[in-house]
Ligand code: HEM
């Protein structure tokens, strides 16, 4: 029973995730290459200079950044249009929060990672975490930030693009640039934690592998996502073939 594999991600969801990750990395590098102001660019002056010479000038670099951003946004728009049910189930899953138990999960998870199980017991706390569903609260927080952040990044990006094309007024582009830059910074902070938790932390290795294979072991599901596991096990018992797939 515990070595049985449980379906977690569809092939399309896996493709969208890695397409998104690839676009994020490319947009981040081309975007950082566009920031000429040394005091604003976290990497200093050498990086924009290198990117500009690689792409044959700032204008080409800007064009690559803009059109890649539009391809990225168009792919998600197409996903939402052709897969409305999956989109809705995913959004419902990541934006549903149980404040009391989810906050307790977040606090205990942080303590577990910093002072460890023994440290928690020394302070009279049980190391057991409140049960989580398809995504744990940490994954939900990052998914929320990447969805809301993604919308803000696209809207401000398109505003800058259109205002340079059609408007004489530089104001919309100026405020959009500030919001665009700050939002990328906020999502990036979450992304560093996401990559650490997903790809480096050994506990979450099965979830990382599921982003290639599409499935996790029943043992992992039972221990890390017990509410989801209970639902899947219940559906299997009732003879329902499918497993709920939020993304
Ligand atoms: C580049 C390195 C990345 C790695 C190694 C990585 C890894 C993963 C893994 C393993 C999962 C599955 C978690 C699970 O099944 O419980 C996941 C889910 C997710 N990731 Fe990433 N990720 C990366 C980049 C990104 C980026 C750039 C974003 C968005 C800004 C992102 C957003 C998400 C979201 C929203 C989910 C939940 C939705 C889903 O399951 O598709 N990831 N990631």
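Highest mean packing comes first when the peptides 198-204, 46-52 are listed by Cβ atoms within 10 Å, giving 46-52, 198-204. Here the calculated FRET efficiency for residue 203 and residue 92, from their Cβ-Cβ distance with R0 = 30 Å, stands at 0.70, rounded to the nearest 0.05.
Pairs of Cα atoms nearer than 8 Å and 6+ residues apart set the relative contact order; for the chain it is 31 percent.
Mean-square fluctuations from a GNM of the chain, with a 10 angstrom spring cutoff on Cα atoms, peak among 12, 68, 28 at 12.
Would you order 10, 30 from fewest to most other beta-carbon atoms within 10 Å of each residue's own beta-carbon?
10, 30
Can you tell me what percent of all Cα-Cα pairs in the range 11-69 are more than 15 Å apart? For the range 11-69, the fraction of Cα-Cα distances above 15 Å is 52 percent.
With contributions of -39500 (n - 2.57) from each DSSP H run of at least four residues, the per-residue ellipticity at 222 nm computed over the chain stands at -23500 deg cm²/dmol. Measuring spread by the Cα atoms of the chain yields a radius of gyration and Dmax of 21.2, 66 Å.
Per-residue packing, averaged as other Cβ atoms within 10 Å, sorts the ranges 36-45, 172-181, 217-226 into the order 217-226, 172-181, 36-45, beginning with the highest.
Using only the Cα atoms of the range 7-145, build the gyration tensor, take square roots of its eigenvalues as a ≥ b ≥ c, and label the shape rounded, prolate or oblate: rounded if a/c is under 1.5, else prolate if a/b is larger than b/c, else oblate. Because a/c hits 1.5 or more and a/b fails to exceed b/c, the range 7-145 counts as oblate. Note on the chain: GNM, Cα springs under 10 Å; of 124, 185, 157, the largest mean-square fluctuation is that of 124.
All of the numbers you see were taken from the coordinates with simple rules; none came from a lab. Keep in mind it's a predicted model, so treat the numbers as computed, not measured. Cβ coordinates were reconstructed from backbone atoms using ideal geometry, including for glycine residues, and neighbour counts include every protein chain displayed.
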